[in-house]
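Input: a single structure, listed below in structure tokens.
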């Protein structure tokens, strides 16, 4: 039970990202750069595995993860947090093409069913008629960037899957390296930084230390002892809770079609996980 709580804690910490990003007055590039710098420091200090950065494959994989980190922040600043996280969760849709091509792993019928459901869910976001707001000033562009994070996250998962086939390989170096790359790539667009206020600094520290650093610490401790199916279900708490935090903290309300699309993505992912677990069990 202790290790299940670790996974749940990680999912809850991940889920607070959207609300925290919207709580700062800093630009999206500043948040993306400084959040990743703080997170990289925390990961390298807390997790010895995260320091294994010599492999070229780690740095190749880290570029996809870095793109996910930066684009997620950009999307959150432009559209609702719910749209950003649910569109990132469409990674399995892209994996239908990427998996067989790069990993030589054939798709199953249930994989195509999941991809079709996710395509419908994704379309809901782009047909949603929600107007711009102070917290979501450009929903169309934000949704487009969030959809790209689904692709970059799919590439990240593919890279991590490839690394997992190497004896003794770990995904943690990709996470720490990805945060270092995200910091470096976003920094030129973040300058000049100017004076960072107390509230903004507190949010950045929370994002780097807790929302990424502590979350991955909990995740690595938990997933080693929790069955894959249970871990997959527990992680679904992240997209489920993300809109809840932003609603209570910022009173941000996704449009009806966006909520429908998010529901389709969540339910289809859960069903696919359940059927896969039974089939492979």
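The values are calculated or read from the model by the stated rules, or taken from the named source; none is laboratory data. Every value quoted in this text rests on a predicted model; they were computed, and no experiment measured them. A quick note on method: Cβ atoms are made from the backbone with ideal geometry, for glycine too, and the neighbour counts reach across all protein chains shown.
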task: Hey, can you tell me all the residues within segment 7-49 that are at pLDDT below 90 and either buried (at least 22 other Cβ atoms within 10 Å of the Cβ) or not in a helix (DSSP H, G or I) (or both)?
output: 7, 47
- prompt: Is it true that some residue in segment 230-240 is without any contact (Cβ under 8 Å) to a residue 60 or more places away in the chain and in a helix (DSSP H, G or I)?
  reply: yes
query: If residue 263 satisfies every condition in (1) within 18 Å of the chain's Cα centre (by Cα); (2) surrounded by 17 or more Cβ atoms within 10 Å (Cβ to Cβ) but one, which is the exception?
result: (2)
- line: Note on segment 195-242: residues under 20 Å from residue 51 (Cα atoms) and modelled with pLDDT of 85 or more are 208, 209, 210, 211, 212, 213, 214, 215, 216, 217, 218, 219
